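The values are calculated or read from the model by the stated rules, or taken from the named source; none is laboratory data. These figures come from a predicted structure and were not determined experimentally. Quick reminder, even Gly has a Cβ in these numbers, built from the backbone with ideal geometry, and neighbours come from all protein chains shown.
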Amino acid sequence: MSFRQKTKQVITINITDIRHPKQKKKININDLELQLRRIIDNYFEMNGYGLFNEAIEALQEEGVLSPIHNKQYNGKSPALPLYYWVNMKAKESKWDRLKMMRLSGTFDFSYYEAHPEYQTEEEWERIEKLYTFLQTADVREVVSIEERSLELFGHEKFLQDVKEFPEGKGFLSRIGISEEELKMVKYGEPFVFWLKQGNYWCQSLPEQCRSARHLY
């Protein structure tokens, strides 16, 4: 996860904790930044305020925050209004906040914060399986997407077949994990050809067929 993503995620989690389904809440933007500085190491070295500013503007565009224009600002450059409304949330979060915080260094939960309908028990179980795998990913061998999908989710087509597994196709994008991190690659489709010099059918990947051809 990039420093930019982590900045927005920490802010979003803090804001979500005070969002109310029936009324707006007022926050001091300096207090929110102070909480971020306490959580993120190297805040100043990584241009923390610049990223904080970007995250606040993004949350404003998403309708999570609304600035209170009363000519009071936070005293930083670029300036932000000192106070914001935390707008009402449409649905309650379903997942345990502490569990999300523990895994926030590995996963990006921004999508789930914006789409709480995806906070299902089944989705969380998949996330936990990913987390367990990633603890030993450095020593794992690269395999096909189908093989890794079978290992992690119980079906080789889970990550690719949108008709049979509509919740699987976009799962890695939702949680912010790449195929490379899961040590899996997409191989080409098997093909068949006839080797005239020997009565041999090759139905495999190209490199395997080339190897077989040398045997005849």
Entirely in the range 58-138, the helices (runs of 4 or more DSSP H) that have 1 or more residues that are more than 24 Å from Phe44 (Cα to Cα) and among the hydroxyl-bearing types (Ser, Thr, Tyr): 110-114, 121-134
Search result, residues across the range 105-164 that are in contact (Cβ under 8 Å) with a residue 24 or more places away in the chain and of a type in the set (Lys, Arg): Arg126, Lys129, Arg140, Arg148
Criterion (within 20 Å of the chain's Cα centre (by Cα), closer than 19 Å to Lys8 by Cβ and either assigned by TED's automatic domain parsing to the domain that holds Glu181 or in contact (Cβ under 8 Å) with a residue 12 or more places away in the chain (or both)) met by exactly one of Leu51, Leu80, Leu32: Leu51
Phe133 being over 27 Å from Glu33 (Cβ atoms) and either out of contact with any strand residue (DSSP E or B) (no Cβ under 7 Å at 6 or more places or on another chain) or aliphatic (A, V, I, L, M) (or both): yes
Any chance Glu62 is free of Cβ contacts under 8 Å to residues at least 12 places away in the same chain, out of contact with any Pro (no Cβ under 8 Å at 6 or more places or on another chain) and under 26 Å from His115 (Cβ atoms): no
Flag for Phe153 being crowded, with 16+ Cβ neighbours inside 10 Å, modelled with pLDDT under 90, touching a Lys or Arg at 6+ places or on another chain (Cβ under 8 Å) and of a type outside the set (Lys, Arg): no
Filtered residues of the range 15-34 (kept if surrounded by fewer than 17 Cβ atoms within 10 Å (Cβ to Cβ), part of a helix (DSSP H, G or I) and touching a helix residue (DSSP H, G or I) at 6+ places or on another chain (Cβ under 8 Å)): Asp17
